[in-house]
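The values are calculated or read from the model by the stated rules, or taken from the named source; none is laboratory data. Please read all numbers here as calculations on a predicted model, not as lab measurements. FYI the Cβ positions are ideal-geometry reconstructions off the backbone, even for glycines, and counts take in every protein chain you see. Note: accessible area is taken over every heavy atom of the protein model, side chains too, but ligands, DNA and RNA are not part of it. Shrake-Rupley method; radii C 1.70, N 1.55, O 1.52, S 1.80 Å.
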There are 2 protein chains.
Amino acid sequence: MTPCIKCGSVENIVRSGFIRGKQRMHCKACNLYFTINPPNESSNKKPHQTTIIDIAKALGISPSTVSRALNKSNEINDNTRQEILRVANELDYRPNFLAQSLNRGETHTIGVIIPDIQRPFFAGVVAGIQKVATEAGYRVMICQSNESHHTETLNVQALVASRVDGLLISHSKETNSFEHVKLQLKKGVPIVHFDRVCNEVDTAKVIQEDFSGGFALVEHLILQGYKRIAVFAGPTDLLISKARIDGYRAAHLKYGLTIDEDLIYHGNFGKDEAEKALDYWLSLSQKPDSIFTIHYANGIEMIMALKERNISIPEDIGIVAFGDELIASLIEPSLTVFHQFPFTIGETAATLLIENIINKDSFIPHTKVVKGELIIRKSSLRNRTLTNS
Amino acid sequence: MTPCIKCGSVENIVRSGFIRGKQRMHCKACNLYFTINPPNESSNKKPHQTTIIDIAKALGISPSTVSRALNKSNEINDNTRQEILRVANELDYRPNFLAQSLNRGETHTIGVIIPDIQRPFFAGVVAGIQKVATEAGYRVMICQSNESHHTETLNVQALVASRVDGLLISHSKETNSFEHVKLQLKKGVPIVHFDRVCNEVDTAKVIQEDFSGGFALVEHLILQGYKRIAVFAGPTDLLISKARIDGYRAAHLKYGLTIDEDLIYHGNFGKDEAEKALDYWLSLSQKPDSIFTIHYANGIEMIMALKERNISIPEDIGIVAFGDELIASLIEPSLTVFHQFPFTIGETAATLLIENIINKDSFIPHTKVVKGELIIRKSSLRNRTLTNS
DNA sequence: CTCGTTTTCGGAAACGTTTGCGATAGTTTA
DNA sequence: TAAACTATCGCAAACGTTTCCGAAAACGAG
């Protein structure tokens with residue numbers, strides 16, 4: 001039937017099982033096993049991105065020479081280089097980052113993990129990161145954790161699988177264990193935290209003036225004559241929430257005011273949490289005369305809720321909030337805030353990370369604080385004459 | 001001096017030039033050229049991400065077997081597989097996407113180019129894209145063009161260099177030539193346009209109801225009794241701007257109103273463009289009684305500018321805008337808009353692209369329209385009794 | 001002209017993974 | 001109990017680049 005592909009003998013051929021659907025043969029003469037392959041007819045090359053090899057073939061030279069020409073090596077004749085560059089341009093050659101990265105062991109890419117890109121704060125941070133990264137020749141890969149610990153862990157794994165050169169992380173609210181970060185840190189992956197940082201691991205961090213901001217806002221309220229200041233806080237173990245409340249406490253301490261712990265409400269940043277908090281506060285025998293929200297969005301919600309209940313701001317209740325957006329200045333009454341600079345935070349974090357990547361060994365983690373700014377608006381301005389003081 | 005590394009002879013050695021700083025030798029006996037290398041002392045392995053080879057060595061098997069175990073191949077013993085998985089887990093193995101992608105010829109990554117991530121619309125789109133992509137097992141790489149044609153071109157090249165499986169593009173305002181897109185399309189890169197699309201190239205597109213939205217907004221104004229409707233438009237050659245103005249024209253046509261071309265102002269979405277436009281309109285002998293802004297942000301600006309000039313809204317001038325944000329409902333007076341669904345747009349575009357990637361050959365480009373919604377608010381509600389009609 | 005020197009190029013290994021194919025050993029069938 | 005078969009593994013090529021090192025040729029000085 002089928003002759004041996006080696007000795008050509010026919011009579012010594014026996015069948016020897018099937019392998020992956022194909023009949024396997026055995027030639028007893030030359031002791032050879034083989035299978036019969038249908039000739040591959042579609043051998044015409046598909047259209048593909050042009051490679052260094054395409055250029056080499058077009059010029060009848062070797063790929064290494066082409067590589068040298070493209071990489072400004074000096075071990076190459078200038079005429080050859082010109083020719084290569086010409087052909088490369090002609091074929092619209094784009095170096096394959098995958099191959100380059102695999103070979104060099106670095107991707108020149110940094111991974112970013114944020115809770116939610118739709119929050120203007122994080123969008124600003126990302127923009128800052130991209131600016132610095134692009135200028136330094138780095139690409140950026142963005143993942144959203146959607147405030148889920150599990151997704152965050154998956155994000156870390158995905159980015160590590162992509163072999164990013166470093167990681168920029170702002171933790172989800174849920175995250176209270178940090179094994180996924182520690183693991184990568186142990187493997188030598190540079191990591192920088194920002195905003196929602198984590199003290200359990202030894203990384204560089206970029207934080208805001210959470211304490212000072214909280215202090216400034218509350219001090220402002222106190223100076224405006226408010227005495228019973230309620231706090232709308234985030235989850236109990238969120239670090240930035242803690243720091244801002246510490247500022248709140250410090251301001252009270254400075255002005256000799258006692259703190260009524262009942263006024264501190266721990267919410268979940270949920271949708272109708274503002275209403276709930278208000279219901280709670282207004283049910284107290286000693287009602288608050290002002291509110292400090294840990295997050296500006298809640299400040300907006302509070303204003304809306306208070307307006308619905310016909311409670312006048314800032315007369316009956318004053319409001320201040322941490323964080324700022326255009327909307328805070330446009331709403332009636334405009335909202336007093338501690339303004340953040342998300343873009344700057346992003347820039348700082350990216351700078352720090354790239355520093356860490358480049359000086360992998362000598363880099364010592366440290367923390368940078370990005371200054372904020374108290375912006376006084378109508379929502380807390382009880383005594384208008386004080387404006388110019 | 002130095003013996004030949006081959007025949008050991010010393011007297012036949014002559015020096016033969018320098019090569020990369022090292023003395024090159026020539027043995028005339030065995031006709032061998034060689035250089036002397038200092039022994040490499042730091043041969044202890046650096047810490048690295050664990051590879052398939054590490055696992056193979058740990059178990060004394062071959063890398064291919066490990067690969068098969070990890071890829072659920074059936075050509076592997078179940079006990080071996082268990083062992084491999086155990087070790088892989090122990091060593092926290094993460095497959096190298098670079099190597100995988102290089103080998104498979106696909107990255108399972110889609111590239112996204114948007115003008116500015118800080119614009120809530122695009123942040124919403126990106127979120128929609130990421131949702132669909134993640135569910136389909138794709139990663140996302142985001143680039144910002146910053147409304148610059150040049151940067152956009154660089155973005156395309158960078159993403160192509162990263163060998164993304166497909167491209168999702170919303171063009172910059174500047175972009176009026178599309179060679180960079182055509183080039184990649186010719187090379188077989190799947191591309192889907194969204195929002196700021198381009199009719200010159202044959203790609204799938206996701207657009208909004210630009211025409212219908214413009215029509216609905218202007219019709220609403222007309223029904224409210226407004227007769228001289230000004231338009232604040234974008235650059236003349238921005239496609240979506242054109243379509244929305246076409247809706248404006250159509251509405252006029254339907255109700256037999258003539259169009260005063262003087263009322264159409266082409267701005268650049270710049271910062272004080274709103275003021276300029278107002279100055280211009282108010283300088284006309286026939287002043288407008290309402291304004292339609294192509295972009296919601298300009299609507300907000302208009303409201304602010306009008307309030308400063310003590311022009312009452314909607315009595316003296318009504319305002320409607322294309323696009324929506326939380327702020328539009330909170331500002332006083334609240335802004336009538338044609339609400340977009342950026343998240344849906346992102347989802348649709350990503351779905352389309354992935355479809356295109358998977359059925360690369362059979363896919364035929366088509367256009368999908370994401371419905372919008374007219375939301376009537378106070379800025380255009382001249383006749384309050386009409387609300388319930 | 002000779003020999004050391006420099007310039008310029010090619011070959012091959014390496015990066016980490018997948019996969020076609022052959023090989024071995026054990027298992028079933030007739 | 002051979003012959004036919006199956007299960008399981010290893011080898012090597014391939015993906016596209018970079019880079020080490022050697023080779024050939026051109027160059028230079030004495």
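Over the protein assembly as shown, average the accessible area per residue using a 1.4 Å probe and give it in Å², no decimals.
48 Å²
Please give, to one decimal in nm, the separation of the simple spin-label points placed at residue B:282 and residue B:62, each 7 Å out from Cα toward the Cβ.
8.3 nm
Each residue of region A:325-332 in turn: what ³J(HN,Hα) in whole Hz from Karplus with 6.51, -1.76, 1.60 and θ = phi - 60°, glycine and Pro shown as x?
8, 3, 4, 5, 8, 9, 5, 10
Carbon and sulfur together cover what percent of the accessible area of region A:252-321 at a 1.4 Å probe radius?
Carbon and sulfur atoms account for 50 percent of the accessible area of region A:252-321.
Filter B:173/B:368; A:307/B:307; A:187/A:368; A:371/B:173; A:187/B:131 down to the pairs with a C-alpha to C-alpha distance above 26 Å, please.
A:371/B:173; A:187/B:131
Evaluate the distance, in nm, between pseudo-label points positioned 7 Å from the Cα of residue B:315 and of residue A:237 along their respective Cα→Cβ axes.
Here the modelled spin labels are 5.8 nm apart.
From other protein chains only, count the Cβ atoms within 10 Å of every residue's Cβ in B:105-118, then give the mean.
2
Non-local amide H neighbours of residue A:377 (under 5 Å, H modeled in plane, Pro and chain starts lacking H): which ones?
A:336, A:337
Given the convex hull of the Cα atoms of region B:49-95, what is a quarter of its surface area in nm²?
2.7 nm²
Residue by residue through B:95-102, how many Cβ atoms from other chains fall within 10 Å of the Cβ on average?
Mean inter-chain Cβ contacts per residue within 10 Å come to 6.
Rounded to whole Hz and in sequence order, give me ³J(HN,Hα) for region B:164-174 from the Karplus expression 6.51 cos²θ - 1.76 cosθ + 1.60, θ = phi - 60°, writing x for Gly and Pro.
Whole-Hz 3J(HN,Hα) from phi for region B:164-174: 4, 6, x, 10, 10, 10, 10, 5, 6, 4, 5.
May I ask what percent, to the nearest 5, of DSSP beta bridges between residues of the protein assembly as shown are antiparallel?
25 percent
Which angle from 0 to 90°, rounded to the nearest 10, does the C-alpha axis of helix A:296-308 make with the longest principal axis of chain A?
Between the helix axis and the principal axis of chain A, the angle is about 50 degrees.
What ³J(HN,Hα) values, in whole Hz, does the Karplus curve 6.51 cos²θ - 1.76 cosθ + 1.60 give for region A:179-191 when θ = phi - 60°, with x put for Gly and Pro?
4, 4, 7, 4, 4, 6, 4, 5, 7, x, 7, x, 9
Any idea what the relative contact order of region B:301-387 is, in percent, if you count C-alpha pairs under 8 Å spaced at least 6 apart?
With pairs under 8 Å counted, the relative contact order is 37 percent.
Run the label-point distances for residue A:367 please: 7 Å along Cα to Cβ, every other copy, nanometres, shortest first.
Copy-to-copy label distances at residue A:367, shortest first: 5.5 nm.
Explain nothing, just the number: relative contact order of region B:223-295, from Cα pairs under 8 Å at least 6 residues apart, as a whole percent.
Relative contact order of region B:223-295: 55 percent.
For a quick protection proxy, order the peptides B:326-336, B:76-86, A:111-121 by their average other-Cβ count within 10 Å, most packed first.
Packing order, densest peptide first, comes out as A:111-121, B:326-336, B:76-86.
Tell me the angle of helix B:78-90 to the major Cα principal axis of chain B, expressed in degrees between 0 and 90 and rounded to the nearest ten.
Around 70 degrees separate the two axes.
What gaps in nm, shortest first, separate residue B:157 from its twins in the other copies when you place the label 7 Å past Cα toward the beta carbon?
Sorted ascending, the copy-to-copy spacings read 3.8 nm.
Compute the distance from the alpha-carbon center of region B:301-368 to that of region A:273-327, in whole Å.
So the two Cα centres are separated by 29 Å.
Using the alpha-carbon centroid of each, what span in Å lies between region A:151-175 and region B:91-147?
After rounding, the separation between the Cα centres reads 14 Å.
For region B:234-298, just say rounded, prolate or oblate: build the C-alpha gyration tensor, square-root its eigenvalues into a ≥ b ≥ c, call rounded for a/c under 1.5, and beyond that prolate if a/b exceeds b/c, oblate if not.
Taking the square roots of the gyration eigenvalues as a ≥ b ≥ c, region B:234-298 is oblate.
Taking amide H positions as placed 1.01 Å from N in the peptide plane, with prolines and chain starts having none, which residues 5 or more places from residue A:264, or on another chain, fall under 5 Å of its amide H?
Those lying under 5 Å, H to H, from residue A:264 are A:231.
Determine the total buried accessible area between chain B and chain A, counting protein heavy atoms only with a 1.4 Å probe; round to the nearest 100 Å².
Summing both chains' loss of accessible area gives about 4200 Å².
So who's got an amide H within less than 5 Å of the one on residue B:139, skipping anything under 5 residues away but keeping other chains? H placed 1.01 Å off N, in plane.
B:109, B:110
Just by accessible area at a 1.4 angstrom probe, what is the order of B:68, A:244 from largest to smallest?
B:68, A:244
Using a Förster radius of 22 Å, what is the FRET efficiency between residue B:326 and residue A:148 based on their Cβ-Cβ separation? Nearest 0.05, please.
Once the sixth-power term is evaluated, E becomes 0.40.
Using R₀ = 45 Å, calculate the FRET efficiency as 1/(1 + (r/R₀)^6) where r is the Cβ-Cβ separation of residue A:71 and residue A:200; round to 0.05.
Between residue A:71 and residue A:200 the formula returns 0.60.
Using helices alone, I'd like the mean residue ellipticity at 222 nm for chain B: each DSSP H run of four-plus residues gives -39500 (n - 2.57), total over residue count, nearest 500.
Computed ellipticity for chain B at 222 nm equals -12000 deg cm²/dmol.
So how much accessible area does residue B:237 have, in Å² to the nearest 10, using a 1.4 Å probe?
Rounded to the nearest 10, that gives 80 Å².
Sticking with the crude label model, points 7 Å out along Cα→Cβ, report the distance from residue B:223 to residue B:91 in nm, one decimal please.
6.9 nm
What average number of partner chain Cβ atoms lie no more than 10 Å from the Cβ of the residues making up B:156-162?
For peptide B:156-162, the averaged partner shielding equals 5.
By how many degrees, 0 to 90 and rounded to 10, does the Cα axis of helix A:273-283 deviate from the longest principal axis of chain A?
Taking Cα atoms only, the helix is inclined about 20 degrees.
Please work out the FRET efficiency for the pair residue B:304 and residue A:272, using the Cβ-Cβ distance as r and a Förster radius of 25 Å; give the result to the nearest 0.05.
That gives a FRET efficiency of 0.25.
From the label point of residue B:82, set 7 Å from Cα along Cα→Cβ, how far away are the matching label points in the other copies, in nm, ordered shortest to longest?
So the distances to the same position in the other copies read 6.9 nm.
Test of understanding: express the Cα radius of gyration of chain A as a ratio to 2.2 N^0.38 Å, with N the residue count.
1.51
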